[in-house]
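Structure first, then comments.
Please treat every number below as a calculation from the coordinates, not as lab data. This one's a predicted model, so the numbers in the text were calculated from it and none came from an experiment. Cβ sites come from the backbone with ideal geometry, for glycine too, and all protein chains shown count toward neighbours.
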Amino acid sequence: MKIVILDAYTENPGDLSWAPLEALGEVEIYDRTSVRESPLIAERLAGADIAVTNKTPLSRATIEKCPDLKAIAVLATGYNIIDCACAAERGIPVMNVPAYGTQIVAQYAVGMLLEICSHFAHHDQAVKEGRWTNNIEWCFWDYPMIELAGKTAGIVGFGRIGRTTGKIVKAMGMRVLACDKAQSEEGRAIGEYVDLDRLLAESDVIFLHCPLFPDTKEMINRETIARMKDGVILINNSRGALVVEEDLAEALNSGKVYAAGLDVTAVEPIPEDNPLLGAKNCLITPHISWAAKEARQRILDTTVENVQSFLAGKPVNVVNG
């Protein structure tokens, strides 16, 4: 079997080993190919039996140019970069990596909230610039300090990551509201299930932990923001297209939304004309919630298991039927 890894660097910049995958066949590794549609993708997959990708897209046009392709392994949970219907038509299973980043993604979401509430990085820099040394007061702060205990966290999407975030903020003394079509006893032990309207109206902090589907695309928009509390904080490290970015930027600049912590944007990498780049109180990081070494090792381990299962004729974690 020839296995081609199209964009290896993001998953493994050098601190992991591809050896377990190399034990399964002839492996050809490209650190980067393209995050946009490109003829180069099909060129690099020439003769490949298995394509391994993180963010390099496999469109219908690309898949149809790869007659030897027998399986696709995604180094991620999301698989919207793959034309799964085309792959299914050709009998090509698309296998993803579920549940690898539950702890780190929840940790990162809460970390963004804590940075917004206390501005650690800003005050650290201020101290190092001499402002504390030369301050006439015993201490100083440039932003309001926000205590989270007693406030309400609304979590949209209460799957593994949402529930883990709920456990963390509940331990900090926050009340938890959850909105999800699928409800569970585990979820009820963490928070109260409510509809979206109530969550928007009562939450001091809103976390987005839901997938990007047609019914969730652009769910945070001018209309839904208007139903939120004044001064709400929004955290999104799920999918950028859940948010209408122009509407969020407007709400941040008006103060309707006090602050936002975003690890994702609708178009990635973020274009220089994205309105959120100039918005007030908007913390943006480059889609790295998932990138802890421990989580990336789980991605690699599961990908190896996916390839092994395919080679054994019983593929697992198949997302296209």
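Here are the numbers for this structure:
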quantity	calculated
Computed over the chain: relative contact order in percent, which uses C-alpha pairs under 8 Å that are six or more apart	16
The range 189-321, relative contact order in percent, only Cα pairs under 8 angstrom and at least six apart counted	18
Estimated distance in nm for a label pair at residue 19 and residue 129, the labels positioned 7 Å out from Cα along Cα-to-Cβ	4.8
Of the GluC sites (Glu not before Pro) in the range 214-321, those whose Cβ has at most 16 other Cβ within 10 Å and which sit in DSSP loop	218, 272
Gained length - residue 292 relative to residue 181, 0.36 nm times residue gap less alpha-carbon distance	37.0 nm
Protection-proxy order for peptides 29-41, 109-121, each taking the mean of Cβ atoms within 10 Å per residue, highest first	109-121, 29-41
Listed residues 237, 259, 106: farthest to the positive end of the dipole of the range 102-284 (Cβ charges)	106
Alpha carbon centroid spacing (whole Å) that separates the range 30-102 from the range 273-321	14
Ellipticity estimate at 222 nm from DSSP helix runs (n ≥ 4, -39,500 (n - 2.57)) divided over the chain, nearest 500	-9500 deg cm²/dmol
Potential extension, residue 36-residue 316 segment - 0.36 nm per residue separation minus Cα distance	98.0 nm
Net charge contributed by nearby residues that have their C-beta within less than 14 Å of residue 216 (K/R +1, D/E -1)	0
Charge dipole magnitude, Cβ of K and R +1, D and E -1 - the chain, Cα centre, debye nearest 20	580
Positive-end residue of 30, 91, 133, charge dipole of the range 1-159 with Cβ unit charges	91
Ranking of 196, 262 by count of other Cβ atoms within 10 Å, fewest first	196, 262
